[in-house]
Amino acid sequence: MAYSKEFITDLYKNLLGMRLSEEKLVTIYKEGRVPGHIHSGVGQEATHVGTLFTRKEGDYFKLAHRLVSISNVLGVSFNNIFAEILGRQDGNSRGGGGVNHIADLSKGILGMSGTLGCDVPIAVGAAYKLKLQGGDNIAYCYYGDGTSNRGPLHEAMNWAAAWKLPVLFILDNNQWAISTCIHETSGVENPGADRAAAYGMPSKVVDGTDVFAVYEGAKELTEYVRAGNGPALLEAKSYRWRGHFEGDQCKYRDPAITEKWQKKRNCVKRMENYMLENNFITEDEIKAMYDEIEVTLDAAVAFAEASPRATAEDLFRNVYAD
């Protein structure tokens, strides 16, 4: 597939932004500046950025708990994201949602459950609304390989398939559910794509460390869904670089395998190499982009830390609709 320089540059900037923001989150967590646990998505950026580059105005998004900052691609500012993560009143939920619950309905970003998988029917419900409205908007529903074994997911998939609802299910298969490898919990090689056939859904399996492969797979499937054919499923395979949460020592897996993925399957470096080899960008331009994003992230953290802390009274705000 041929790409314009503008498209390539925009795709790369968003991919890099996600990498650096996730790394920034890890850094400030280690410094004791983040309340609660965080679940880093470093290494899994291509799955999310590549799929979201097929979006259009009016779509809905049910995001996952890993790759916290992905809502920035959808228009949520880093100021807002980091304020929420740090439990401050300038966060999208006045600090009440925290690190896993960045949502903004004005941008189509649905909230998510603290129990993984239980929110998948919400995304399918949003797709039902879209079908009733008419048009070609769709709901993007992200979930992980551990969630792929949960009942609510399959009930939602069955509903979407039976009623031909406009949903793209995206399995971010990083191969680990907390401390359990997917090969120990699934009887099929592809826990998303192999099961999609049971619901009559078309599916594709792509390399989740190749942003172009993800984008092209998602583009094909979103066109199918937007045409009114019902749901589809994209399974993107990558590897969870870090522990389930920061502080997890990962004693349950071989560090040599993790290191191999980090060196050989780094989605940001793979895209940089492609751009340099094809003269889309120079080393100086890459460095300038790194510097620009770092400045933005530092400013976002400073903004968040200057924001008032959430109070006990904030627990009772936004409980009921006005």
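The values are calculated or read from the model by the stated rules, or taken from the named source; none is laboratory data. These numbers were taken from a predicted model, which means no experiment stands behind them. Cβ sites come from the backbone with ideal geometry, for glycine too, and all protein chains shown count toward neighbours.
If the condition is being among the hydrophobic types (A, V, I, L, M, F, W, C) and assigned to a loop (DSSP other than H, G, I, E, B), then the stretch 68-87 contributes Val76, Leu86.
Scanning the stretch 194-237 for residues that are within 21 Å of Glu155 (Cα to Cα) and touching a residue at least 60 places away in the same chain (Cβ under 8 Å) yields Val225, Gly228, Asn229, Gly230, Pro231, Ala232, Leu233, Leu234, Glu235. Scanning the stretch 292-317 for residues that are surrounded by fewer than 18 Cβ atoms within 10 Å (Cβ to Cβ), in contact with a strand residue (DSSP E or B) (Cβ under 9 Å, 6 or more places away or on another chain) and modelled with pLDDT of 95 or more returns Glu305, Ala306. Of all residues in the stretch 132-150, those being assigned to a helix (DSSP H, G or I) and buried (at least 20 other Cβ atoms within 10 Å of the Cβ) number 2. When His48, His65 are checked against the criterion of being within 15 Å of the chain's Cα centre (by Cα), assigned to a helix (DSSP H, G or I) and in contact (Cβ under 8 Å) with a residue 12 or more places away in the chain, a single residue qualifies: His48. Filtering the stretch 101-115 to residues that are within 22 Å of Glu246 (Cα to Cα) and in contact with a Gly (Cβ under 7 Å, 6 or more places away or on another chain) leaves only His101. Run Arg33 past the list (1) basic (Lys, Arg); (2) at pLDDT 95 or above; (3) farther than 26 Å from Met271 by Cα and report the number of the one that doesn't hold. It is condition (2) that Arg33 fails. For the subset of the stretch 80-95 comprising residues that are of a type outside the set (D, E, K, R) and over 16 Å from Glu23 (Cα atoms), which member is modelled with the lowest pLDDT? By that ranking, first place goes to Gly95. Restricting attention to the stretch 88-111, the residues being within 17 Å of the chain's Cα centre (by Cα), without any contact (Cβ under 8 Å) to a residue 24 or more places away in the chain, farther than 19 Å from Val26 by Cα and not in a helix (DSSP H, G or I) number 1. Every listed requirement among (1) part of a loop (DSSP other than H, G, I, E, B); (2) of a type outside the set (Asp, Glu); (3) touching a Ser or Thr at 6+ places or on another chain (Cβ under 6 Å) is met by Gly32 save one, (3). Would a scan of the stretch 274-291 turn up a residue that is within 26 Å of Asn92 (Cα to Cα), modelled with pLDDT of 95 or more and exposed (fewer than 11 other Cβ atoms within 10 Å of the Cβ)? Scanning the stretch 274-291 turns up no residue that is within 26 Å of Asn92 (Cα to Cα), modelled with pLDDT of 95 or more and exposed (fewer than 11 other Cβ atoms within 10 Å of the Cβ).
Looking only at residues that are assigned to a helix (DSSP H, G or I) and without any contact (Cβ under 8 Å) to a residue 60 or more places away in the chain in the stretch 1-19, which one is farthest from Val205 (Cα to Cα)?
Among them, the one singled out is Glu6.
Residues in the stretch 231-257 that are among the small types (Gly, Ala, Ser) and out of contact with any strand residue (DSSP E or B) (no Cβ under 8 Å at 6 or more places or on another chain) were compared, and the one that is nearest to Gly134 (Cα to Cα) is Gly243.
Here the condition is being closer than 20 Å to Thr222 by Cβ, among the acidic types (Asp, Glu) and either surrounded by fewer than 18 Cβ atoms within 10 Å (Cβ to Cβ) or in contact (Cβ under 8 Å) with a residue 40 or more places away in the chain (or both); of Glu22, Glu57, it holds for Glu57 alone.
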